[in-house]
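One structure is given here, and the rest of the page talks about it.
The values are calculated or read from the model by the stated rules, or taken from the named source; none is laboratory data. Being a predicted model, the structure only gives us computed values, none of them experimental. Positions of Cβ are generated from backbone atoms using ideal geometry, with glycine treated the same way; all protein chains shown enter the neighbour counts. Just so you know, the surface numbers come from the protein's heavy atoms only, side chains and all, with ligands and any DNA or RNA stripped out. Shrake-Rupley method; radii C 1.70, N 1.55, O 1.52, S 1.80 Å.
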Amino acid sequence: MKSRLQTLWDQVSPEGGPCPQPNPWGVRRRVDAALDKKRRAAHPWRALKLTALCAAALVLLTGAAAVTELVLAPPTYNVLSAFFQGDAAPWESLMNFQPVSVSDDNYTLTVTSTVADKSTLFYTFTIEAHSDEAWEALELQKRESFYDLFSFRSHGSISIGGEIDPELRTIYVSICTSRGWGSSAGIRLNLMEKGKWLSFSYRPVSDLKLDINAEGQGTGGWAWPELTGPVTLERLTLSPLTLEAEYTTEETNLFPVLYFLWEDGAVSDLEALRGRSGHGGGHGVNGVTKMTMSHSFPAVQDLSKLEAVVFEGMAYPLDKGEPYPVDVDALPLREVGP
């Protein structure tokens, strides 16, 4: 049977889903921190304050839901702040920061923000320990193997980072992974009760596809700087978050050499616009390997200011107009995109 709060949430939330609830463990720790940072056991009268605070939060939440949809602020540690440089405020509309949680007696796991495009999913989550013993077990496992803390309902490469707040017994984690089919994913904290999975959905941002179908010179990049050879660039997919290139080559360590021509006449190379996360792969057909390369940008890109992508001396406009020759060596270099 639905609670009154869930019924109200269903009436005002167009996306539906579970109603956000006050987290009693998080409220308790923040009350402790606000009072005098002593352990709750040293102050039995805090239970009354905690009960009153939780009740007030529930009243406020119910009242807000009855009037209008809740307006949430993005968490300080979110996908844009974790993976992209610059001011994230203009791009908050790309994110979903409605929290989704799962708990047991020892931990609460909460996905706090997501953003995705055709190729890549970025998300952040928190792990809150409910006791000193649970926190010690979490820290021990993190020191031994951070990756082994988690199981994922996704495949492909994963880039992971995090921050720790011992005072709140909380770990903030960021994940970047190649996106699978559909628009949902799942994660499990392996220290939680068996079968406790946190599933969440996301909405990919729009992207732009350019059919190139041109042959040019490839390079081994920073890993194999002396390696060169031909590649055939078939298609590019651009979003504000990532670039994905589909190409064929006889050498799996070759990558297409790309430049980005901006409306102000400046040019950036791929190295300047390569973020800290990326993934790729390929499969062979008749001696030729069909490759896919995906890289996040170092900052969220305003594609309305990008004129064209340049490959082998030809500019391919984002408005899908006719390609035209361009000498990138004669253009001013922009070190980092906008």
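Sort out which residues of the range 144-177 are within 21 Å of residue 77 (Cβ to Cβ) and among the basic types (Lys, Arg), and write them in order of number.
Correct list: 169 only.
Is it the case, given these coordinates, that residue 111 is touching a strand residue (DSSP E or B) at 6+ places or on another chain (Cβ under 8 Å) and under 20 Å from residue 165 (Cα atoms)?
So residue 111 fits the description; yes.
Quick check on residue 336: is it at pLDDT 80 or above, among the aliphatic types (A, V, I, L, M) and within 24 Å of residue 117 (Cβ to Cβ)?
Against the criterion (at pLDDT 80 or above, among the aliphatic types (A, V, I, L, M) and within 24 Å of residue 117 (Cβ to Cβ)), residue 336 does not qualify.
Say we look at the range 180-214 and pick out the residues that are assigned to a loop (DSSP other than H, G, I, E, B), open to solvent by less than 60 Å² (accessible area, probe 1.4 Å) and charged (D, E, K, R); which of these is farthest from residue 120 (Cα to Cα)?
Here the answer is 196.
Select from the range 53-85 the residues that are touching a Leu at 6+ places or on another chain (Cβ under 9 Å), of a type outside the set (Ser, Thr, Tyr) and modelled with pLDDT under 90 and write down the one among them that is nearest to residue 172 (Cα to Cα).
74
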